[in-house]
Amino acid sequence: MANDPTHQFQVFKIVPIEIGGIDFSFTNASLFMVATVAAASGFLYFSTANRGLIPTRMQSVAEMSYEFIASMLREGAGSQGMKFFPMVFSLFMFVLTANLLGMFPYFFTVTSQIIVTFALALFVILTVLIYGFYKHGLHFLSVFAPAGVPKVLLPLVSSIEIISFLSRPISLSVRLFANMLAGHITLKVFAGFVASMSAMGALGVGGAILPLLMTVAMTGLEFLVAFLQAYVFAVLTCMYLNDAVHGGH
Amino acid sequence: MFVTPAFAQGAPANGDPNAATGTAPAAEVHTETGVAHDAHATGVFPPFDHTTYSSQLLWLVITFGFFYWIMQKVVVPRVGGILEHRHDRIAQDLDEASRLKAEADAAVETYEKELASARAKAGTIAETAREAARAKAAADRAAIETELSEKIAAAEASIATIKAQAFAEVGAIAEEAAGAIVEQLIGPKASAEDVRAAVASAKVEA
């Protein structure tokens, strides 16, 4: 069981709760969602508590992440898209913190659960749809009919556009989920090699050096992936919001 | 009914949860729960275990909702405020700096203007002084020249007087010398009137 690389994704109940026959137990996943929110909001709250004109190190990290997302959103969706700033910022910080917390050994990775990433992706897509139809009415459908396409090709292009739009929540959620899952499984497998090889005597210990180095390198790579996936999630959110803000233009 | 437990144990081993479907309603229910229980322990890949989805979704909504609320109500306005405040402060400081620079420029300009006027004033003063000195020198020279010419004139006058006197005395000396010569040559003393007349005629001839 200890060497099962999927064991780390096991969700188990800490406080069983059931409302109306549906399971709402407080699980280890819930615990780490709470931890993620506590870490992220605690960091952002306390680092900016002094409101320093000259920022401390921590405050400038918080400011950097703010400006990072602000410029990303402004580039992606224009200044009209800035009303979605709290949403993109929350998504980025939540995903980033969840990914980074997952890097601690024995910690549960919230974003390695497809249901979580899918819920976040659906939140983005529903926001795009609802705001798009609210802002542009039926003109929002022109997103699916790019300007300058010959009439003959329009049905084909539109169906491709619709399929690509529908696949957005899937690609958005699966990308994050699969990256986190695969990275953690790979780490676990390589780390497992170290343990099992070093149990085979002197030769095994010598041979275990290779997977150990691999594990170290993978850990570094996983930190990069943790940031990169949060970044990609935020960038794509900005791009999708651009459709909602500007319609099909 | 006695077959049911066996079925329940057998179904997960087959890995086909639908194996019991259609045999008996009671057996089906039993089998389904058995599979679900087994799956939770080992079988299904954990992220695809849909029995955990409802609780994960609920807690995600609670935690992310709270996070979103905190971000929107507290963190985003605060960080935005800090950045705006800093931006304003920098703009204000830049304004202050440009105002001070303008002031310094004005001061430099006044200074240069004053320097130029002082230089001009100094030039005038020097010019006046030079003029005054030149005038004084000219006056002095004129005074000295007049004085000198006066002295020259006086000297010439005295020379003329002395010359006249000398000429007058030349007659007397010549008379005396002529009287003495006549006395030596002839013997008797010649009268003063004769000598004077002879000298006078000689003077006229000379």
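Classify the stretch A:98-175 as rounded, prolate or oblate, taking a ≥ b ≥ c as the square roots of the eigenvalues of its Cα gyration tensor: rounded when a/c is under 1.5, otherwise prolate if a/b is larger than b/c and oblate if not.
Cα axes put the stretch A:98-175 in the prolate bin.
Share of Cα-Cα pairs in the stretch A:34-117 beyond 23 Å, in percent?
The calculated P(r) of the stretch A:34-117 puts 32 percent of pairs beyond 23 Å.
Return the sequence-ordered ³J(HN,Hα) values of the stretch A:52-58 in whole Hz as given by the Karplus equation 6.51 cos²θ - 1.76 cosθ + 1.60 applied to θ = phi - 60°, using x for Gly and Pro.
Going residue by residue, I get x, 5, 9, x, 6, 4, 5 Hz, with x marking Gly and Pro.
Name the most mobile residue of A:Val194, A:Val152, A:Val235, meaning the one with the largest mean-square fluctuation, in a Gaussian network model of chain A with Cα contacts below 10 Å.
Of A:Val194, A:Val152, A:Val235, the Gaussian network model singles out A:Val152 as fluctuating most.
List the lysines whose Cα sits under 20 Å from the Cα of B:Lys163, skipping any in the same chain fewer than 8 residues away.
In chain and number order, the partners are B:Lys151, B:Lys203.
Would you kindly state how much longer the chain becomes between B:Ile181 and B:Leu100 on full extension, computed as 0.36 nm times their sequence separation minus their alpha carbon distance, in nm to one decimal?
17.6 nm
Helix A:114-136 versus the longest principal axis of chain A: what is the Cα-based angle in degrees, 0 to 90, to the nearest 10?
Tilt relative to chain A: about 10 degrees.
Provide the per-residue ³J(HN,Hα) series for the stretch B:124-134, in order, calculated from phi with Karplus coefficients 6.51, -1.76, 1.60 and θ = phi - 60°, each as a whole number of Hz, with x at glycine and proline positions.
4, 4, 4, 4, 4, 4, 5, 4, 4, 4, 5
Just tell me which lysines come within less than 22 Å, Cα to Cα, of B:Lys101; anything on the same chain fewer than 8 places away is out.
Within the straight-line limit of under 22 Å, B:Lys101 reaches these lysines: B:Lys113.
Other chains' Cβ within 10 Å of A:83-93 residues: what's the mean?
Mean partner-chain Cβ count within 10 Å for A:83-93: 4.
Provide the packing ranking of B:64-77, A:207-220, i.e. peptides ordered by the mean count of other C-beta atoms within 10 Å per residue, highest first.
B:64-77, A:207-220
I need A:Phe43, A:Phe233 ordered by Cβ neighbour count within 10 Å, fewest first.
A:Phe43, A:Phe233
Mind putting together the pair-distance distribution for the protein assembly as shown? All Cα pairs, 20 Å bins, whole percent per bin, short to long.
The percentages, shortest bin first, are 15, 29, 18, 7, 5, 5, 5, 7, 6, 2, 1, 0.
Going down the list A:Lys135/B:Lys73; A:Lys83/A:Lys188; A:Lys83/A:Lys151, which pairs span over 32 Å between their C-alpha atoms?
Going by Cα-Cα distance, A:Lys83/A:Lys188; A:Lys83/A:Lys151 fall outside the 32 Å limit.
Where a number appears in this text, it was derived from the coordinates with a stated rule and is not lab data. Just so it is clear, the structure is predicted and the values come from calculations on it, not from any experiment. Cβ sites come from the backbone with ideal geometry, for glycine too, and all protein chains shown count toward neighbours.
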